[in-house]
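To keep things clear, I will list the structure first and then write my remarks on it.
Computed from the coordinates by the stated procedures, all read-outs in this text should not be read as laboratory data. Bear in mind that the values here come from a model prediction, so they are computed numbers and not experimental data. Methodologically, a virtual Cβ is constructed for each residue, glycine included, from the backbone with ideal geometry; neighbour enumeration extends over all protein chains shown.
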Amino acid sequence: ILNVEQSPQSLHVQEGDSTNFTCSFPSSNFYALHWYRWETAKSPEALFVMTLNGDEKKKGRISATLNTKEGYSYLYIKGSQPEDSATYLCALKAAGNKLTFGGGTRVLVKP
Amino acid sequence: ETGVTQSPTHLIKTRGQQVTLRCSSQSGHNTVSWYQQALGQGPQFIFQYYREEENGRGNFPPRFSGLQFPNYSSELNVNALELDDSALYLCASSLDTLAGETQYFGPGTRLLVL
């Protein structure tokens, strides 16, 4: 059973501040790491798919890095805005066809 | 919007009943995956369908079954409902089954079993 962990479970950020959080996963049998943003009452929105060690991806003020050798990925939000408030999910694609999700990091940006 | 739709949005059933949830995949996508999200947890993989065949299954009992149709839409059927089946059920479609292929999620069906 794969164990994908995200920390912290939740965090409060002041508007304008930057923040980051972690996704940890077993490094064996790594195929890809997916990041999603999930706002309440909406569909999870795909942010990034990362496959190579050292990958860095960026979308606006959000970026992510990947270390497959040590089994972690960081997601960064620069200059947080209230619209960044959401749950951020990472999901590991290992052998087989499923995504194994972490429990998510709930981000609340305070104006 | 991802173009993935699910119906119904909400459903209330009683223990022992059967339920069918539906998912229309994004145009051009031949792969549909189903997930269960219980409160406070990340989504858990139920199974995946690729070109109308089951293509992987998670740790769910046989009373969870599915179908994929020639137009690649899909159904999730749950028999003999239990209270613990209360959850949000998400489907996701993708172009293919490759590891780097993005899965696009629908808004989910919230099932309450009383």
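Within the listed set B:Q48, B:Q26, B:Q17, the Gaussian network model of chain B (springs between alpha-carbon atoms below 10 Å) gives the highest mean-square fluctuation for B:Q17. Measuring r between the beta carbons of B:L95 and B:F69 and using R0 = 22 Å, the FRET efficiency lands at 0.80. Close amide H pairs (under 5 Å, H built 1.01 Å from N) link A:E45 with A:R37, A:W38, A:E39, residues at least 5 positions away or on another chain. Each Lys or Arg adds one and each Asp or Glu subtracts one; over the other residues with Cβ under 11 Å from the Cβ of A:L89, this totals +1.
Averaged over peptide A:67-79, how many Cβ atoms belonging to another chain are found within 10 Å of each residue's Cβ?
Working: counts 0, 0, 0, 0, 0, 0, 0, 0, 0, 0, 0, 0, 0.
The mean count of partner-chain Cβ atoms within 10 Å per residue comes to 0.
Computed across chain A, the Kirkwood hydrodynamic radius from all distinct Cα-Cα pairs reaches 14.0 Å. If the elastic network links every pair of Cα atoms under 10 Å, which of B:Q68, B:Q36, B:Q44 fluctuates the most in the Gaussian network model of chain B? Taking springs between Cα atoms under 10 Å, the residue moving most is B:Q44. Distant-in-sequence amide contacts of B:S25, defined by a placed amide H-H separation under 5 Å and a gap of 5 or more residues or a different chain, comprise B:S73, B:S74.
Based on the inverse mean of 1/r over its pairs of different Cα atoms, what is the Kirkwood hydrodynamic radius of the protein assembly as shown, in Å?
Values: mean 1/r = 0.0559 Å⁻¹.
Evaluated on the protein assembly as shown, it is 17.9 Å.
With both labels modelled 7 Å from their Cα along Cα-to-Cβ, the B:E82 to A:K57 distance reads 3.5 nm. Couplings for segment B:31-45, taken from phi via the Karplus curve 6.51 cos²θ - 1.76 cosθ + 1.60 with θ = phi - 60°, read 10, 10, 10, 10, 9, 10, 10, 7, 4, x, 10, x, x, 10, 5 Hz in order; Gly and Pro are left as x.
Take each residue in B:95-101, count the other chain C-beta atoms within 10 Å of its C-beta, and the mean is 5. With θ taken as phi - 60° and the Karplus curve 6.51 cos²θ - 1.76 cosθ + 1.60 applied, the whole-hertz 3J(HN,Hα) list for segment A:63-79 is 9, 9, 10, 9, 10, 7, 6, 9, x, 8, 9, 10, 10, 10, 10, 9, x Hz, x standing for glycine and proline.
Report the charge-dipole magnitude of the protein assembly as shown in Debye, nearest 20, computed about the Cα centre from +1 at each Lys and Arg Cβ and -1 at each Asp and Glu Cβ. Please list the in-between numbers first.
On the way: 19 positive and 20 negative charges, 31 e Å.
I would put it at about 140 debye.
Relative contact order of chain A, please, whole-number percent, based on alpha carbon pairs below 8 angstrom and at least 6 residues apart. Don't jump to the answer; show the numbers that get you there.
Details: 276 pairs, mean separation 41.7, N = 111.
Value for chain A: 38 percent.
Assuming charge only on the beta carbon of Lys and Arg (+1) and of Asp and Glu (-1), the dipole of chain A about its Cα centre is about 180 debye to the nearest 20. Counting Cβ atoms of other protein chains within 10 Å of each Cβ in A:100-107 and taking the mean gives 3.
Computed on the Cα trace of chain B, the radius of gyration divided by the Kirkwood hydrodynamic radius gives Rg/Rh = 0.95.
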